Amino acid sequence: MKPIHQIDTHSPLSVEPSFHESSHILNSFAGDWTSIGPRNKMIEARIGDYSYTMDDVTINYAEVGKFTSIASHVCINPVDHPMDRVTQHHMTYRRAAYGFAETDDDEIFDWRRGNRVVIGHDVWIGHGAIVMKGVHIGTGAVVGSGAIVTKDVEPYTIVVGVTAKPIKSRFTKEISDRLMEIAWWDWPRDWLEERFHELNDVNSFIRKYG
């Protein structure tokens, strides 16, 4: 994984990760061929090879796998406020900005880091979806537009709604299991180039490589 560097976003994608000049990235890393869209906000996130985000995406304290597609206005791991204090206002932990102390309250930020979201490979997260703190989304899953995901999602499962619930699987269990065993997302670039034309037919693909 590499630090994300700003490049000319009108250029074709390359091995080096790129992000739009309007995005704010803090202590985050990305793999090869990754792209971060306009007006994204990322805090302490890691993005796997070939994954991308569209515009106005927020990702906090999260691990995102390879080949994952994140649509516009998605929010992954929205930050919590401490509800057990007299006030929920962030002056109690961003106290330095308000002149109440010389340092901020690290306890709150460590608490946020402690419940990272984990998203697998080849996941598609639809427009405006929200993935809540600590959720794990399995490889191959689909999160429908506008969904609010509060519980873990099994691999190759489609979830929709508020709160999100499974509606069906993308494939039979046999096909899903075979794809997990093949783990094509871990193939090196030369294998992908050689076998790229075979990615559109799942049945022949698993017969050949499963």
Q.
Relative contact order for the chain: what percent, with Cα pairs under 8 Å and sequence separation of 6 or more?
A. 11 percent
**Q.** Mean Cα-pair separation over length for segment 41-133, i.e. relative contact order, pairs under 8 Å, 6 or more apart, %
**A.** 34 percent
Q: Report in % the part of the accessible area of the chain that belongs to carbon and sulfur, leaving out ligands and nucleic acids; probe 1.4 Å.
A: 54 percent
Q.
Quick check: the angle from helix 173-182's long axis to the longest principal axis of the chain, C-alpha only, nearest 10 degrees?
A. 80 degrees
Q. What fraction of the DSSP beta bridges in the chain is antiparallel, stated in percent and rounded to the nearest 5?
A. 15 percent
Q. From the cross-link list 41/133; 66/168; 133/165; 41/151, which pairs have alpha carbons spaced over 21 Å apart?
A. 66/168; 41/151
Q | Amide H contacts under 5 Å for residue 153, placed H, 5+ residues apart | A | 136, 137, 138
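The values are calculated or read from the model by the stated rules, or taken from the named source; none is laboratory data. Predicted model only: the values in this text are computed from it and were never measured. Heads up: the accessible areas ignore ligands, DNA and RNA and are worked out on the full protein's heavy atoms, side chains in. Shrake-Rupley method; radii C 1.70, N 1.55, O 1.52, S 1.80 Å.
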